[in-house]
Amino acid sequence: MTDNIQFPDIIYDGSAFPKSCYACGAPAEKGCLFYPFDQISMRAEIGTARCVAFSLCSDCYANEDVFDDVRERIRDIVNRIMAPARN
Ligand SMILES: [Zn+2]
């Protein structure tokens, strides 16, 4: 096993996690990051990466199906509001 890891330059303090659950709107208890391996689909420029912070309540966090729904909603938002990458 190798230590093949890298630390990003940005240190994130978690302050941007929404206070309400992205799935149901209840008060959130879990901070989550959507950080897809396929960064082109997130319209990230080459050499950059994009992740999305969202929050879930404990009930939604326990439901594995929620993550598929969240990923789909985030990808829809990215496709609607973010300009295509100039790669
Ligand atoms: Zn919820």
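The values are calculated or read from the model by the stated rules, or taken from the named source; none is laboratory data. Keep in mind it's a predicted model, so treat the numbers as computed, not measured. Glycine also receives a Cβ, built like all others from the backbone with ideal geometry; neighbour counts cover every protein chain displayed.
General remarks:
- All positions within the range 55-83 that are among the small types (Gly, Ala, Ser) and either at positive phi or over 15 Å from the mean Cα position of the chain (by Cα) (or both): SER58, ALA62, ALA83
- Looking across the range 6-44 at every residue that is assigned to a loop (DSSP other than H, G, I, E, B) and among the basic types (Lys, Arg), the one that is modelled with the lowest pLDDT is identified as ARG43.
- Yes/no for VAL66 being of a type in the set (A, V, I, L, M), modelled with pLDDT of 90 or more and not in a loop (DSSP other than H, G, I, E, B): yes
- Residue list for the range 50-87, restricted to those being among the basic types (Lys, Arg) and away from the ligand (no atom under 16 Å from the Cβ): ARG50, ARG75, ARG80, ARG86
- Evaluation of GLY47 against the conditions (1) away from the ligand (no atom under 16 Å from the Cβ); (2) at pLDDT 90 or above; (3) exposed (fewer than 10 other Cβ atoms within 10 Å of the Cβ) shows that the sole unmet condition is (2).
- Residue list for the range 50-87, filter: surrounded by 15 or more Cβ atoms within 10 Å (Cβ to Cβ) and farther than 24 Å from LYS19 by Cβ: ALA85
- Condition met for ALA23 (touching a residue at least 40 places away in the same chain (Cβ under 8 Å) and within 13 Å of the ligand (Cβ to nearest atom)): yes
- Restricting attention to the range 45-55, the residues that are out of contact with any helix residue (DSSP H, G or I) (no Cβ under 7 Å at 6 or more places or on another chain) and part of a strand (DSSP E or B) total 2.
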